[in-house]
Amino acid sequence: MKDIKSLDAEALRWRCDPEQFDFETTEEMEELTEIIGQPRAVEAVQFGLGIKQEGYNIFALGPTGTGKRSLIRQFFERQAASEPVSPDFCYIHNFEEPHKPQALQLPSGMGIELRQDMEDLVKELRTALSAAFESEEYQTRRQVIEEEFAERQQEAFQEIQERAQEQSLAVVRTPAGFVFAPMREGEVLSPQELQELPEEERESLEKKVKELQEKLQEILRQMPSWRREMMERVRELNQEVTDFAVGDLIDEARQKYADFPEVVKYLDAVREDVLENVRDFLPQGGNRQEEEGGPLPSGADNRMRMRPSSLRRYRVNVMVDHSDLEGAPVVYEDNPTYQNLIGRIEHTARMGALMTDFNLIKPGALHRANGGYLMLDARKLLTQSFAWEGLKRALRSGQIRIESPGQMLSLISTVSLEPEPIPLNVKVALLGEPLLYYLLSALDPDFSELFKVAADFDVRMDRDSDSQSLYARLIGSLARKEGLRPFDRGAVARVIEHSARMVRDSEKLSTRMRDVTDLLREADYWADEEGNGVVTSDDVQRAIDAQIYRSDRLRERVQEEIMRGTILIDTEDAKVGQVNGLSVIQLNDFAFGRPTRITARARLGTGDMVDIEREVELGGPIHSKGVLILSGFLRSRYAIHSPLSLSASLVFEQSYGGVEGDSASSAELYALLSAISQVPIKQSLAVTGSVNQHGQVQAIAGVNEKIEGFFDVCKARGLTGEQGVLIPASNVKHLMLRQDVIEAVDEGEFRIYPVETVDQGIEILTDMPAGEQDEEGNYPEETINGLVQAQLIRFAEERAAFNASAKGGEG
């Protein structure tokens, strides 16, 4: 097997050459108007905007910071600018069913105009009606009606009085009513004188009184109908005067809105209601006569008061006004509660009771975005009670129906307003993590019907010369947008390099614009601290170092404990069954590598492979899978013609938390081969990489952090030139190492070996050939594989002898 050479310094990091850019600072660059790095998402959004069928709403899925909101808003606003302005939506009083306010849809700006016209109309009506009812003509005509009633009443009583006088009877008013009393010589007889009259005369008087009393009762019974007749004539007069005063004003409004039948119909209803309730427009003195006989205006009462609350029904509740828009609306609702989405009905407290009317109906985000586009955060939406169900119901029905959650779920039956639903025409975009999208797809059958377009945002993009140029323009555009100093070529190149480091791949660039923008802001801060007018590569590097320093307290503590000997890690000599594995600890957006001692022990057994981490439930399923692969590798390579008579144990030393992943499986295999062959492994080297049953070393994540974690330990103890790390060869393209690591490699003080197979790795770790299998399946004796094979054969023979002796003893 040929020697594996360590990597040159040039292979450890991709360098962005500042000289490839034809500008001195980003101030000279053109603004970037296109979206870079998200071709799949861009095409999906364009498709979602173009298709007008129901259910083709958009779910923008991707990690935070990838620019989902900015991209969606940019496309929505661009599309909205080319579309007609959405109509205004209003609620008006329903004069036939007051608890069911009517919805009104008007062209943009006309809602406000109608509201103002109605306010002006009410003011003019109050003025016109007051003048009409205080006019001399009205007072005269009303006085005539009242005098006719008084005359009829007077004539009836006069007739009774005349008939009584003819029969020598007087009409006397008492607290109990009218009574008739006998008279003699113009004087009313006293009760004593009445008793002294002859019986025949007294009976005759009583008969006359009874007849007159019956006649009086008949007149009194007729008086209410006379009064009702008078009241009806007064009402007719009032309606005539009202119609005359109101007609021209409302007819003028009808002509203005003649092209809008719903408004005309509403104005006709207003006219009828004004005729029926004209007293609401007039000063009210509060006497009973007004309440019974209709409005009786009188200018002499200084305590007159208006009843403005009764005129609220003539207002226009403009729910949404689009008069200031030049296209369709684009709305982002930051707090998507049920009421903030669907709208609500507010109440006011009056005399200890909660009251409401159509003026207290408030719009939601769906009203504001109706006819346009609505953006919502999926996580916020799903965490609000009933909000998700309310949104689905609105999208399915194509209507915005304002009701409380209790009404929606039929939990309450309290009488309240039932506003007429408003037709809904909106394109909705939900923004969320991929996990939310896939959970909703799997668990909510309505989701796939309502959100058919998935805009999948990637966290990285391909790196080539064209993309680097676009990325440079992006940096310039972000700097201008944020009001930052210009970046020179070196600073732009350093930002692009760090972008590749963020995605841990030298052939890719990050599309998490939030992190890139944060780096630009912080580099601008350090440029300001240094008094630089332009941001340089040193400012960018200082910002990167400061970000790391703010987050790496735990890394320093781990390194400190290794140096103090609390955590046992060897970086020199060689030991049997012991190897330095590498793991990554992720803390929010900061990750660092930590070396871990892995040990293995082997003895005669029945083929058991004991994973101590799994036995104590500290190992995850992927880690356990990696250990089981080791067993398959040993059986297929060394125990083809005999049973695997081995009992081995593997453990991560000083590991007190969970262990997950298979990136240490190659290190575990090296430790196991060393334990079986009794060949020591160099402790100056650390290992990472997963392994399959064929002995191939496979790529792992976090290769940069793992290398740097072991390098920091070696550097603190003193670099010797023998230290290094074994990585999978397939991970070389992911290398974006720190400058100090690259310098150490360039000076020969640290080495990084790319390995493709376990045999390559074991040779580097032991300085002993791995050995190749001959045609009979045997390995050379003085090789690692040969020693392992020989030891396993001895274990099998000892096991066979032990089993034979055990059977002989039983016989």
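The values are calculated or read from the model by the stated rules, or taken from the named source; none is laboratory data. The shown structure was predicted, so the numbers you read here are calculated from the model rather than taken from an experiment. FYI the Cβ positions are ideal-geometry reconstructions off the backbone, even for glycines, and counts take in every protein chain you see. Only protein heavy atoms, including side chains, enter the accessible area calculation; ligands, DNA and RNA are left aside. Shrake-Rupley method; radii C 1.70, N 1.55, O 1.52, S 1.80 Å.
Values for this structure:
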| read-out | value |
| --- | --- |
| Residues being closer than 29 Å to E97 by Cα and surrounded by 20 or more Cβ atoms within 10 Å (Cβ to Cβ) - total across region 356-386 | 12 |
| Residues of region 65-78 classified as surrounded by fewer than 14 Cβ atoms within 10 Å (Cβ to Cβ) and more than 12 Å from V330 (Cβ to Cβ), total | 1 |
| Enumeration of residues in region 143-156 that are in contact with a helix residue (DSSP H, G or I) (Cβ under 6 Å, 6 or more places away or on another chain) and either acidic (D, E) or open to solvent by less than 30 Å² (accessible area, probe 1.4 Å) (or both) | I145, A156 |
| Residue identified as of a type outside the set (G, A, S) and closer than 19 Å to C714 by Cβ among V758, V741 | V741 |
| Candidate set: region 663-691, residues that are among the β-branched types (V, I, T) and not in a loop (DSSP other than H, G, I, E, B); chosen: the one nearest to E763 (Cα to Cα) | I681 |
| Within region 594-626, considering residues that are surrounded by 14 or more Cβ atoms within 10 Å (Cβ to Cβ) and polar (S, T, N, Q), the one modelled with the lowest pLDDT | S624 |
| Selection from region 559-604 of residues that are more than 30 Å from D515 (Cα to Cα) and assigned to a loop (DSSP other than H, G, I, E, B) | R564, G565, T566, I567, L568, I569, D570, T571, E572, D573, V576, G577 |
| Breaking point among (1) touching a helix residue (DSSP H, G or I) at 6+ places or on another chain (Cβ under 8 Å); (2) buried (at least 16 other Cβ atoms within 10 Å of the Cβ); (3) not in a helix (DSSP H, G or I), for E781 | (2) |
| Residues that are over 20 Å from G50 (Cβ atoms) and out of contact with any Phe, Trp or Tyr (no Cβ under 9 Å at 6 or more places or on another chain), drawn from region 66-94 | S70, V85, P87, D88, F89, C90 |
| K715 under 20 Å from S642 (Cβ atoms), outside any strand (DSSP E or B), free of Cβ contacts under 8 Å to residues at least 40 places away in the same chain and open to solvent by 10 Å² or more (accessible area, probe 1.4 Å) | no |
| Within region 20-50, considering residues that are under 24 Å from the mean Cα position of the chain (by Cα) and among the hydrophobic types (A, V, I, L, M, F, W, C), the one modelled with the lowest pLDDT | I35 |
| Region 338-355: number of residues that are open to solvent by 40 Å² or more (accessible area, probe 1.4 Å) and either within 22 Å of S385 (Cβ to Cβ) or in a helix (DSSP H, G or I) (or both) | 6 |
| Boolean, E34 is in a helix (DSSP H, G or I) and open to solvent by 40 Å² or more (accessible area, probe 1.4 Å) | no |
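Conditions (1) within 40 Å of the chain's Cα centre (by Cα); (2) assigned to a loop (DSSP other than H, G, I, E, B); (3) at pLDDT below 95; (4) not hydrophobic (A, V, I, L, M, F, W, C), marked per residue:
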| residue | (1), (2), (3), (4) |
| --- | --- |
| Q693 | no, yes, yes, yes |
| I700 | yes, yes, yes, no |
| V725 | no, no, no, no |
| I752 | no, no, no, no |
